[in-house]
Each structure stands twice: as structure tokens, then as C-alpha cells.
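The values are calculated or read from the model by the stated rules, or taken from the named source; none is laboratory data. Bear in mind the structure is a predicted one, so any value in this text is a computation, not a measurement. Ideal geometry is used to build each Cβ from the backbone, glycine not excepted, and the neighbour counts take in all protein chains shown. What goes into the accessible areas is simple: the full protein's heavy atoms, side chains included, and nothing from ligands, DNA or RNA. Shrake-Rupley method; radii C 1.70, N 1.55, O 1.52, S 1.80 Å.
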Amino acid sequence: LYLKPNIPGEPISPEKLKNVVLERLFTMPRFYSRIYFKRSGAYWEPIPLDQLDMSYHARIVFENETPTVEQVEDFIGGMADREWAMDLTKPLWRMIIVPRMADGRTALISQISHTIGDGISQIEV
């Protein structure tokens with residue numbers, strides 16, 4: 001998702017963007033729940049919000065750079081090749097923020113497991 005700043009030339013605050021997104025995500029229990037397995041199947045277990053590792057779930061990349069759209073897309077394409085596999089001991093989502101791109105926009109990259117929802121159910125997100 002590429003976002004334009006409200007005021008041209010003034011980047012969107014990564015912290016403010018992160019807080020707005022988290023406020024909305026945490027209205028949906030699966031975003032603060034982890035999956036656990038029993039013999040009878042898989043279940044969701046809520047985690048108190050103060051126990052979530054937000055450095056895992058909300059990351060800022062390219063902090064001291066202004067990448068082009070192509071560089072951001074290359075980064076996204078390479079996510080599967082890096083350490084971006086989901087940790088099953090945590091809620092199965094992450095967001096990555098690119099604070100300021102070369103064209104002045106901010107990028108918000110979301111990584112959400114299909115166990116949280118897919119297709120139509122993701123529209124709420």
C-alpha cells in the first residue's frame with residue numbers, strides 16, 4: 001500500500017501510522033492471538049496486548065534511505081528468501097513500514113497468514 005502525505009514534502013510519521021494500524025487491528029482477536037495445537041486440532045489463544053513483541057510485528061525498513069518503487073518491490077519479492085517466515089509462537093501477521101520513498105510516499109507492507117483470514121474476510125482489515 002503506497003500512501004501520499006497529507007502535506008506535500010512532509011513524510012507520514014512511521015510511529016503515527018503504526019499506532020493507527022495497530023489500533024484497528026487489535027479490534028479483531030486473531031491479531032492478538034497465537035495458534036496452538038492439540039490432538040483434536042488447532043486453536044486460537046489470546047495474548048495480552050502488553051505481552052506482544054511489537055518489534056517483531058511492526059518493523060521499519062529503509063530508515064535512512066529513500067528507495068524507489070522498484071527497490072521496495074524487490075524487497076517485497078525477496079521477503080520469502082530472508083528471515084520473514086512466520087513464527088508460530090506469535091500472532092501470524094506483521095507490518096513493514098518504508099517511511100519515505102524517493103517519490104515522497106510511504107509504503108505499508110502487510111504480511112498476514114491465511115489462517116487469520118483470506119479473501120472477503122480480509123476486507124475488514
Review point. Total Lys pairs in the chain closer than 19 Å by alpha-carbon, pairs eight or more apart in sequence or interchain only?
Key: 4
**Study point:** Between helix 14-25 and the chain: long-axis angle, C-alpha atoms, 0 to 90°, nearest 10
**Key:** 30
Revision key, fill the gap. Placing each pseudo-label 7 Å from Cα in the direction of the beta carbon, GLU63 and ASN6 end up separated by a distance in nanometres of 2.5
Practice item. Compute the length gained on full extension between LYS38 and TYR56: take 0.36 nm times their separation in residues and subtract their Cα-Cα distance, giving the result in nm to one decimal. Key: 3.9 nm
Revision key, fill the gap. Kirkwood Rh over alpha-carbon pairs of the range 1-47 plugged into Stokes-Einstein at 25 °C, 0.890 mPa s gives a D in µm²/s of 183
Exercise for review: Report, in debye and to the nearest 20, how large the dipole of the chain comes out about its Cα centre when Lys and Arg carry +1 and Asp and Glu carry -1 on their Cβ.
Suggested key: 460
Exercise for review: Could you state the accessible area per residue of the chain in Å², with a 1.4 Å probe and every protein chain left in place?
Suggested key: 64
Review point. On average, how much area does the Cα convex hull of the range 1-93 cover when viewed from any direction, in nm²?
Key: 8.0
**Study point:** Listed residue (GLN51, PRO8, ILE112) projecting farthest to the positive dipole end of the chain, Cβ model
**Key:** GLN51
Review point. Using 0.36 nm per residue, how much length does the chain from ALA80 to GLU23 gain when fully extended, once their Cα-Cα distance is taken away?
Key: 17.8 nm
Study note, to complete from the structure: Output ordering of 12-22, 50-60 (per-residue mean of other Cβ within 10 Å, highest first) is 12-22, 50-60
Check your understanding: Which FRET efficiency value, to the nearest 0.05, do you get for HIS114 and SER13 by plugging their Cβ-Cβ distance into 1/(1 + (r/R0)^6) with R0 = 35 Å?
Key -> 0.70
Review point. Helix 69-78 versus the longest principal axis of the chain: what is the Cα-based angle in degrees, 0 to 90, to the nearest 10?
Key: 30
